[in-house]
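Just so it is clear, none of the values below were taken in a lab; they were calculated from the coordinates. Everything quoted here is computed from the prediction, not taken from an experiment. Ideal geometry is used to build each Cβ from the backbone, glycine not excepted, and the neighbour counts take in all protein chains shown.
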Amino acid sequence: MDANKAEQLKAELQQWFNQAELLIRRIPPNQLYAAVGIVLLTVFLFVLVRVFKRTISNTVVLTGLSGSGKTILFYQLRDGSSHQGTVTSMEPNESIFVLHSETSKKGKIKPVHVVDVPGHSRLRSKLDEFLPQAAGVVFVVDALEFLPNSRAASEYLYDILTKASVVKKKIPLLILCNKVDKVTAHTKEFIRKQLEKEIDKLRASRTALSAADITNEFTLGVPGETFAFSQCRNKVTVAEASGLTGDISQLEQFIREHVKP
Amino acid sequence: MLEQLLIFTRGGLILWTCKELGNALRGSPIDTLIRSCLLEERSGAASFNYDAPGTAYTLKWTFHNELGLVFVAVYQRILHLLYVDDLLAMVKREFSEIYDPKKTVYSDFDDIFRQLRKEAEARAEEIKKAKQVDKPVSNNMGNDSGDGDDNVKVRKLEAHSKGSFVANRNAPAKGIANGKENGSSNNGAFDVNKLQKLRAKGGKKTDTIVNKVPKVETKKKITKKNRVWDDSPKESKLDFTDPVSENGDENIQIVAADEGESMMDKEEIISSESESEEDEDEEAEKGTKVETKKKGWFSSMFQSIAGKANLEKADLEPALRALKDRLMTKNVAEEIAEKLCESVAASLEGKKLGSFTRISSTVQAAMEEALVRILTPRRSIDILRDVHASKEQRKPYVVVFVGVNGVGKSTNLAKVAYWLQQHDVNVMMAACDTFRSGAVEQLRTHARRLQIPIFEKGYEKDPAIVAKEAIQEATRNGSDVVLVDTAGRMQDNEPLMRALSKLIHVNSPDLVLFVGEALVGNDAVDQLSKFNQKLGELSPSASPRLIDGILLTKFDTIDDKVGAALSMVYISGAPVMFVGCGQSYTDLKKLNVKSIVKTLLK
């Protein structure tokens, strides 16, 4: 029985094979080669584009607590002025542009894709959409009203530093102390030390909880030592800026460092 | 006279403000509007009231969803400007014509605005004159929203100064955002009701005082001898709560320690139901009425391929109605479902439908986003972190459990204690339910099983004093957390709410946790709003403590009718910190926002 069936199948297959051969023979060879060539070319281009997209990213994400000045910085980067002021953002601002200070430079300059994610706690989830493609993250801190918000700021910073996408890809992070044009603003050294202290405390209480509680996928720092930003796997630096007056040179330096012109 | 009119993008950049109305706004009304109204999905409300020291503004707004613009008008609350809505609509129309995403300065709009304002004012004058001639009463209706607020303000002041019960009757005063219907009948009938209430209150008070005295006396006669209030189990021959002997006690203790991990610490396994999205849409289609079914399907298919010009309210209507019904079958309070649908409609009106998307799926996506936004906590709900912070300041972290009768306060207090204990926190219980028989014994049993100290003073004591002494005791013996159990009380019960407000005011706890059961339906709205209102009004201090968090109980008794969580969070703005899902110590977990939203929209 089985042998019969197998033979029958074989015979059928042979028939189909012969028919297919006949059909193919009918098509002129040039067309055939052209069709195959086109298919191979598209596949090749596709693969190329995919590979390239992954390696080069020109996205910089601006994040921080609500009221720290991200939207003003965004517009300073883009237009060089803060226009008529801003209110609490309800949606992210993103656009691809050449930094305003560099528009006067000669030559071809690569545009930067800057995203300003709202800082309001209910809109935090928008950050996860942009983080995977980021070449650099800027965490904006209000240097004027730092102490009342230090706990919220350090919690947010801790959450960002322990996200899988940031740790695995070692995305560099810049802590930008904004509003330094005001006299009573804190210095960047003070802010750095305070943040390190707060994150140290957070480390202790968060590792006491188990994984299900919070979406911290990695732990920070070295257990047993007090936390310092130098212990992070991704590079963390601190800088100062003033959104209102337009003094954003350190921010632009950071962007240029990590998004190659 | 308008104070200010602003146009800004949803991303936060101010595009245009009126230069003529040069007065700077005191305080930050726009930011407050965005944070407490627009981002809280209350954008369907008619107006928003902002109070800053020295000023009282009312804000009205409108959206242009397609271009992502917001138009806000600010004016003094005492002026009842009728032309603001008209003006906003006209401004929206004119501005959308000259709007360009690249431009950020629109100085030519000044002239247009001046013209529009004159037109709007003129039209309002005409309408006013016409109304004054016809019906003097209806004019009152138009100004009702303003009057309602004034009355609320006046009543609040009275309550603060006299400490009396005047403001009790104020049902339509829904906090800050004005609803569209403001019962004008309240204004007329107010005085009569007030008098009656005062008379009734006077009678009630004397009644309770009279009742208290004989109760205490009878108790004294019968059981005074047998009361023993210290914790030692040795001399409890007459203690009927423990029929088992001391051996039995030890057995219970060993069992309690071994109940395993609290469910707070376990990860929830969410079944992925992404394939069922297709089914959802089909169900929604079936939900529409039979007559419009054929036409609806065909036109929606056509529209989905061609892409419609702009979404109108009429188009959103059927999809929103179906969505509202679905929410209500999931036990969301009717009022909340209505407000949510209005807010989603406001955010979708005028938006362009992309091609290959149906209206129902756009509405669904918008609703889902809105629900996730509401249920995501506004502030950190990391209690352990707060406890550590308090520990450093050497004060105990005080949590007060409040709620109506029978929701599970004492049971869930024990569960929270168990969880905290598992994380090496020293917990102490305070039995401030001095009213219900057996409440103190119940807590004592829990304390014995969990081996944590309990502070109790028996029955018929003032709960505020008991709580204060408990906190002092905790500071002395180094407890990190004090969990205060209070008696259940109905939200309408004036004297009990006052007692609760006094307890909170005297002890200023770190966390006021409202315990609500998931089985509750429309009453959730009433419970929470009244609790918050009473805590606000009856507190003698200027900045009263309101409900900080919600503990949702009996979650295992509802299958997928999880709407109570949404109602409670929406009406109070407080996050859900714990969910009680059973009757043993380990049945306490955190609210999983994504799974709740999925269940609600299933």
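Net charge near residue A:142: determine it from the other residues with C-beta under 11 Å of the C-beta of residue A:142, scoring Lys and Arg +1 and Asp and Glu -1.
+2
Counting only other chains, what is the mean number of Cβ atoms within 10 angstrom of the Cβ of each residue in peptide B:379-386?
Values: counts 3, 7, 2, 7, 2, 6, 9, 2.
Average per residue, whole number: 5.
Quickly work out the residue B:542-to-residue B:472 label distance, labels modelled 7 Å from Cα along the C-beta direction, and quote it in nm with one decimal.
With each label point 7 Å from Cα toward Cβ, the separation is 2.9 nm.
Which one, B:355, B:372, B:390, is farthest towards the positive end of the dipole of the stretch B:325-400 when Lys and Arg carry +1 and Asp and Glu -1 on their Cβ?
The listed residue farthest towards the positive side: B:390.
Would you please give the residues with an amide H less than 5 Å from that of residue A:94, counting only those at least 5 places away or on a separate chain, with H modeled from the backbone geometry?
Hits under the 5 Å cutoff: A:116.
Take peptides B:526-532, B:24-30 and line them up by average Cβ neighbours within 10 Å, highest first, as a rough protection proxy.
Details: B:526-532: 20.9, B:24-30: 15.9.
For the peptides B:526-532, B:24-30, the packing ranking is B:526-532, B:24-30.
Residue B:517's amide H: which non-local residues (gap 5+, or another chain) put their own amide H closer than 5 Å, with H modeled 1.01 Å from N in plane and none for Pro or chain starts?
Residues meeting the criterion, in which the H sits 1.01 Å from N, are B:553.
Return a whole-number percent for the relative contact order of the stretch B:494-593, with Cα pairs under 8 Å and 6 or more residues apart as the contact set.
29 percent.
What's the angle, to the nearest 10 degrees (0 to 90), between helix A:146-161's Cα axis and the longest principal axis of chain A?
So the helix axis and the longest Cα principal axis differ by about 20 degrees.
What percent of all Cα-Cα pairs in the stretch B:47-116 falls in each 10 Å bin, counting up from 0?
Per 10 Å bin, starting at 0, the Cα pair percentages come out as 17, 45, 29, 9.
Taking every residue in A:118-125, how many Cβ atoms of other protein chains lie within 10 Å of its Cβ, on average?
Across the residues of A:118-125, the mean count of other-chain Cβ atoms within 10 Å is 5.
Note the angle between two axes, namely the Cα long axis of helix A:2-26 and the longest principal axis of the Cα atoms of chain A, as a number of degrees from 0 to 90, rounded to the nearest 10.
Rounded to the nearest ten degrees, it is 80.
Take the alpha-carbon centre of the stretch A:1-78, take the same for the stretch B:471-516, and report the distance between them in whole Å.
Their Cα centres are 65 Å away from one another.
Taking amide H atoms as placed 1.01 Å from N in the peptide plane, list the residues 5 or more away in sequence, or in a different chain, whose amide H sits under 5 Å from that of residue B:4.
Those qualifying (amide H under 5 Å, at least 5 residues apart or on another chain) are B:74.
For residue A:247, what charge total do you get from the other residues with a beta carbon under 13 Å from its beta carbon, if Lys and Arg give +1 and Asp and Glu give -1?
Within the 13 Å Cβ shell, the charges total -1.
Please report the net charge: other residues with Cβ closer than 10 Å to the Cβ of residue A:179, K and R +1, D and E -1.
So the environment of residue A:179 carries a net charge of -3.
So how tilted is helix A:70-79 from the main axis of chain A? Cα-based, degrees 0 to 90, rounded to 10.
Rounded to the nearest ten degrees, it is 70.
So for each of B:331-343, A:22-34, B:114-126, A:231-243 I average, over its residues, the number of other beta carbons within 10 Å; can you give me the resulting order with the highest mean first?
Packing proxy ranking, top to bottom: B:331-343, A:231-243, B:114-126, A:22-34.
With +1 on each Lys and Arg Cβ and -1 on each Asp and Glu Cβ, how big is the dipole of the stretch B:318-366 about its Cα centre, in debye rounded to the nearest 20?
Around 280 debye, computed over the stretch B:318-366.
Which whole number gives the average count of other chain Cβ atoms within 10 Å of the Cβ atoms across peptide A:71-81? Before the final figure, lay out the partial values.
Details: counts 5, 2, 0, 3, 4, 0, 0, 1, 1, 0, 2.
Going residue by residue through A:71-81 and averaging, the value is 2.
Taking the square root of 5 times each eigenvalue of the Cα gyration tensor, what semi-axes in Å does the equivalent ellipsoid of the stretch B:499-583 have, largest first? Don't skip to the end; give the middle numbers.
On the way: eigenvalues 129, 34, 18 Å².
Computed over the stretch B:499-583, the values are 25, 13, 10 Å.
May I ask you to evaluate 6.51 cos²θ - 1.76 cosθ + 1.60, the Karplus curve with θ = phi - 60°, for each residue of the stretch B:116-123 and list the ³J(HN,Hα) values in order in whole Hz, giving x for glycine and proline?
Per residue, the Karplus-derived 3J(HN,Hα) values read 4, 5, 4, 4, 5, 5, 4, 5 Hz.
Sort B:41-50, A:163-172 for me by packing, meaning the mean count of neighbouring Cβ atoms within 10 Å per residue, highest on top.
B:41-50, A:163-172
Kirkwood Rh over alpha-carbon pairs of the stretch A:32-180, then Stokes-Einstein at 10 °C and 1.306 mPa s: what D in µm² s⁻¹, rounded to an integer?
Stokes-Einstein gives a translational diffusion coefficient of 91 µm²/s.
For chain A, modelled as a GNM with alpha-carbon contacts under 10 angstrom, which of A:98, A:141, A:61 fluctuates the most?
In the Gaussian network model the winner is A:98.
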